[in-house]
Amino acid sequence: MSDPIAEILGPSGLLARRLDGYRHRPQQEAMARAVAEVLADGGTLICEAGTGTGKTFAYLVPALLSGRKVLVSTGTKNLQDQLFHRDLPLIRDLLHLPVRIALLKGRANYLCRYRLDLAVDDDRQPPDLRRQVLKVRDWAAATRSGDVGELALPEDAPIWPVVTSTSDNCLGQDCPDWTRCHLVQARRRAQEADLVVINHHLLCADLALRDQGFGEILPGADCLIVDEAHQLAEIAGGFFGLALSSRQLLDLARDVETEHRREAGDAPALVERALGLRRATLDLRLALGEEARRAPWQELAADRDAVAGLTTLAARLADLQEGLQALSGRGKGLDACLARCADLAQRVEVLGGEPDPEQIRWFETQGKGFRLHQTPLRVAEVFQSHRARNPAAWVLTSATLAVGESFAHFAQPLGIEDARTERWESPFDYPRQALLLVPQGMPDPASAAYVGAVVELAVSLLGYSRGRAFLLFTSHRALREAAERLAPRIDYPLLVQGSAPRSELLTRFRRLGNAVLLGTASFWEGVDVRGEALSCVIIDKLPFASPGDPVLAARIDALRQEGGNPFRDLQLPQAVLTLKQGAGRLIRDARDRGVLAVCDPRLLARSYGSAFLDSLPPMSRTRELADVARFFATDHER
């Protein structure tokens, strides 16, 4: 009896024969069998596959063999592109399977022809933005997909909100470019494909839309494979809630002005109403304070200026809605602005209304912008209601889902009770490849001297590792202080988060070969640096989330009221998984070697430290810098 998984992934299988550098991994073969069984029989599989397992091939091979309609959801657009442009074509071609594949991203990733035309016609733009508009116009004439990732402009370039659409400002079938719309074409290809690569934001947006009774934006599928699944609950919380941002408000004001010139030049009062909304938005940002913060709604409600600013914002939205209503039917662009204005006014009304005990109301400020949120206290019920309506098989996988042997921390927030669970250790030889240092003599992490002590240790470690290191911090404040202290102490190139886009910092880190990169949350996961360029990872503290975070604080309170133990049931497992992610940056290849330094003395001094240690890979361990020196001396001699 033939065994297609063994014939492809086995020691003498197709990939071993055809792919240079391919190594058979029993863990990969076992995972592929588990995925194949769930795709064939239905149900849910939650599985953790340690770094180096090759989980991508472990789910793509059975997905392609299944003959089913499969959605693969990833955590990032980079992984999406890697799957679609590299991994999937490689496997499909090796297997000679006539499987149609498609890539589908959120609408903000596709050029909007209608909005580009508006931008080209707008002569009020500053010179830098005008140059970008013309660059996009030239690219638009040649692109087939309309994927803005094709154009070499930063992700945060000011041009993108101008030439892409949102669910708020899209004209839908009323758009004059509807038949040539890049997003519509991408969705059509997805409907016709056998396997579609999406991302978690798109998946959760679809779940949220279905829950609200609107049409689905993703094609129906027999099977869903969710990679980097540890991110799913947090992303789902954002989509199942409600949000209002300063950008949405300012975009509406700008678009009203643009459509006014095109469709209602004889109604100058409309521009004044749009300017009123712009002023109210900027005034509310000022009332919320200059500093960047995430804070509970109570802080806004207790601030007289902020409450007045929110009241004024509601009034200006009502004024604008009245002005747009008077021009109803004058043009499709203005009608779309009216619908957006009504929606934003309704969000302000909800946010300013009576609190819902099942919702967490909070706000955040950063730079010149703000966002007002209402996030569900729990997402399990909504998530499960969708799964109940859709009989698809589900595979949820990541390198970090289990705390010890338990998947409860991942499964419970999503309401998953009936899943098969599997866990495979990394095939890497961690005792030989990696050394864990928990240094002696570190002060209490809460002391004012702590960051200085971390920097002193880092200077010594960087001397042994010859740079080639990540320093991962649990707060931006600690990162900034460490950067100031470290800069005059080392001769290696210093790259600091915030000084350039993340992708650019990583490119420079790989190219330099001896750099030291300082980062916070966004560098703890989803970063893959193979080879000698990254040989040391230094973590300043055990990554407990701040209990002052409004969402976490509300969930802690709810757990406590239900008789649970918030530290044991929420904060500790969350921190363990985050540390696993950070530690996972170090060894990315069977030939990598490196040192992981966890500076926090609580790892050994507190009883809960064993939860962290038991979840880390089986590295050799030491408390002595001399062992680090010997480790890197051996590395240097190789």
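Laid out as a table, the results:
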quantity	calculated
Meets criteria (assigned to a helix (DSSP H, G or I) and surrounded by 14 or more Cβ atoms within 10 Å (Cβ to Cβ)) for ALA314	yes
Matching residues, region 526-545, being in contact (Cβ under 8 Å) with a residue 40 or more places away in the chain and within 14 Å of PHE473 (Cβ to Cβ)	VAL537, ILE538, ILE539, ASP540, LYS541, LEU542, PRO543, PHE544
Odd one out for SER460 among (1) of a type in the set (Ser, Thr, Tyr); (2) surrounded by fewer than 19 Cβ atoms within 10 Å (Cβ to Cβ); (3) in contact with a strand residue (DSSP E or B) (Cβ under 7 Å, 6 or more places away or on another chain)	(3)
Selection from region 265-290 of residues that are under 22 Å from GLN248 (Cβ atoms) and either assigned to a loop (DSSP other than H, G, I, E, B) or not assigned by TED's automatic domain parsing to the domain that holds CYS337 (or both)	LEU288, GLY289, GLU290
Region 397-415, residues that are under 14 Å from ALA236 (Cα atoms) and hydrophobic (A, V, I, L, M, F, W, C)	PHE410, ALA411, LEU414
Residues that are over 25 Å from the mean Cα position of the chain (by Cα) and over 12 Å from CYS599 (Cβ atoms), drawn from region 461-482	LEU462, GLY463, TYR464, SER465, ARG466, GLY467, ARG468, GLU481
Per-region count, region 148-175, residues at negative phi and either small (Gly, Ala, Ser) or in contact with a Pro (Cβ under 8 Å, 6 or more places away or on another chain) (or both)	8
Qualifying residues in region 468-519 (those that are at pLDDT 95 or above and hydroxyl-bearing (Ser, Thr, Tyr)) - the one nearest to THR51 (Cα to Cα)	THR474
Extreme residue, farthest from ALA292 (Cα to Cα), among residues of region 458-492 that are in a helix (DSSP H, G or I), among the small types (Gly, Ala, Ser) and in contact (Cβ under 8 Å) with a residue 12 or more places away in the chain	SER465
Some residue of region 592-608 being in contact with a helix residue (DSSP H, G or I) (Cβ under 7 Å, 6 or more places away or on another chain) and in a helix (DSSP H, G or I)	yes
Unmet criterion (only one of (1) in the same structural domain as ARG420 (by TED's automatic domain parsing); (2) of a type outside the set (Val, Ile, Thr); (3) within 18 Å of PRO89 (Cα to Cα); (4) modelled with pLDDT under 95) for ALA58	(4)
Filter pass, VAL455 being surrounded by fewer than 17 Cβ atoms within 10 Å (Cβ to Cβ), under 20 Å from ASN514 (Cβ atoms) and either assigned by TED's automatic domain parsing to the domain that holds LEU534 or modelled with pLDDT of 95 or more (or both)	no
Count of residues meeting criterion [assigned to a helix (DSSP H, G or I), at pLDDT below 90 and in contact with a strand residue (DSSP E or B) (Cβ under 9 Å, 6 or more places away or on another chain)] in region 205-236	1
Members of region 8-26 found to be surrounded by fewer than 21 Cβ atoms within 10 Å (Cβ to Cβ) and of a type outside the set (D, E, K, R), listed by number	GLY10, PRO11, SER12, GLY13, LEU14, ALA16, LEU19, GLY21, TYR22, HIS24, PRO26
Lone unmet requirement of (1) surrounded by 14 or more Cβ atoms within 10 Å (Cβ to Cβ); (2) assigned to a helix (DSSP H, G or I); (3) modelled with pLDDT of 95 or more for ILE360	(2)
Hey, GLN132 over 30 Å from GLU7 (Cβ atoms), over 25 Å from the mean Cα position of the chain (by Cα), buried (at least 16 other Cβ atoms within 10 Å of the Cβ) and not assigned by TED's automatic domain parsing to the domain that holds PRO391 or not	yes
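The values are calculated or read from the model by the stated rules, or taken from the named source; none is laboratory data. Everything numeric in this text was worked out from a predicted model, so none of it was measured. As a convention, Cβ positions derive from the backbone with ideal geometry for all residues, glycine included, and neighbour counts pool all protein chains shown.
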